[in-house]
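Engineer: Take this structure first; my questions come after.
What follows draws every value from the coordinates through simple rules; no lab data is involved. The model shown is predicted, which means the values in this text are computed figures rather than measured ones. Here the Cβ is made from the backbone with ideal geometry for all residues, glycine too, and neighbour counts use every protein chain on show.
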């Protein structure tokens, strides 16, 4: 158990809909990262937050957004969903930014039908 | 920019065979290097790490040595088991850019058959 909790584990939704994925980082970790894992794209970095502020942005679509709350949990919002958004979405956390390992949650498997 | 290249899979080995998964990197600074493992249906777990040149990371019989001269961090295990079947990801974290997240390779799927 990494200590990072993601909910829900599975999500099935229709095209055009909006979903929210939730992540609780390990106790004491200030940084939260979101990654998308699909079969053909590997593990793609989406966005990073540190202590409530956005720190880095990767290949995140404009239809996607995220935030980190004062209690350090984070939410990833995916809207106007398309079939191609079907993937595993991972949250990871670390104590500080850069030069350190991150601990991953078990992921949310999103299926868009 | 920073990047990680690892050998394409899948790799299929018999139990007790020797394993090597190649990983090379490009980084602007002095990165830390990691190997993560993803077992079926699970998230990524840190397998081992090395934070400076010539460091050797090791865990569960796996080893990797940080080679700055060849910009490599190859994963090795002397005798694989069926339970090692998983996807292995090489990754780096660049200490010169304090805000960068981990950069991953595309992953190498290992299947070990009895």
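Engineer: With only alpha-carbon pairs counted, each pair once and no self-pairs, how large is the Kirkwood hydrodynamic radius of the protein assembly as shown in angstroms?
Structural biologist: Every distinct Cα pair counted, the radius reaches 17.9 Å.
Engineer: Quick one: what do you get for region A:3-113 if you divide its Cα Rg by 2.2 N^0.38 Å?
Structural biologist: 0.99
Engineer: Another one. Ignore the peptide's own chain and count Cβ atoms of other chains within 10 Å of each Cβ in B:37-45; give me the average, rounded.
Structural biologist: Per residue, the average neighbour count from other chains is 5.
Engineer: Okay, moving on. Peptide A:42-52: average number of partner chain Cβ atoms within 10 Å per residue?
Structural biologist: 3
Engineer: Once you order the gyration tensor axes a ≥ b ≥ c over the Cα atoms, which shape class does region B:1-51 get: rounded for a/c under 1.5, otherwise prolate or oblate by comparing a/b with b/c?
Structural biologist: Judged from the Cα gyration tensor, region B:1-51 comes out prolate (a/c at least 1.5, a/b above b/c).
Engineer: With Rg and the Kirkwood Rh both taken from Cα atoms, where does Rg over Rh land for region A:47-107?
Structural biologist: 0.96
Engineer: If I histogram all Cα-Cα distances within region B:1-111 using bins 10 Å wide from 0, what percent of pairs lands in each bin?
Structural biologist: With a bin width of 10 Å, the distribution comes to 15, 50, 28, 6, 0.
Engineer: Which order do the peptides B:36-44, B:82-90 come out in when sorted by mean C-beta neighbours inside 10 angstrom, highest first?
Structural biologist: By packing density, highest mean first, the sequence is B:82-90, B:36-44.
Engineer: Let me ask something else. By how many nm would the segment from residue A:61 to residue A:113 grow when fully extended, if each residue of separation counts as 0.36 nm and the alpha-carbon distance is taken off?
Structural biologist: Going from the current span to full extension adds 16.8 nm.
Engineer: While we're here: In cubic angstrom, how much convex hull volume per residue do the alpha carbon atoms of region A:1-45 span?
Structural biologist: Dividing the Cα hull volume of region A:1-45 by its residues yields 116 Å³.
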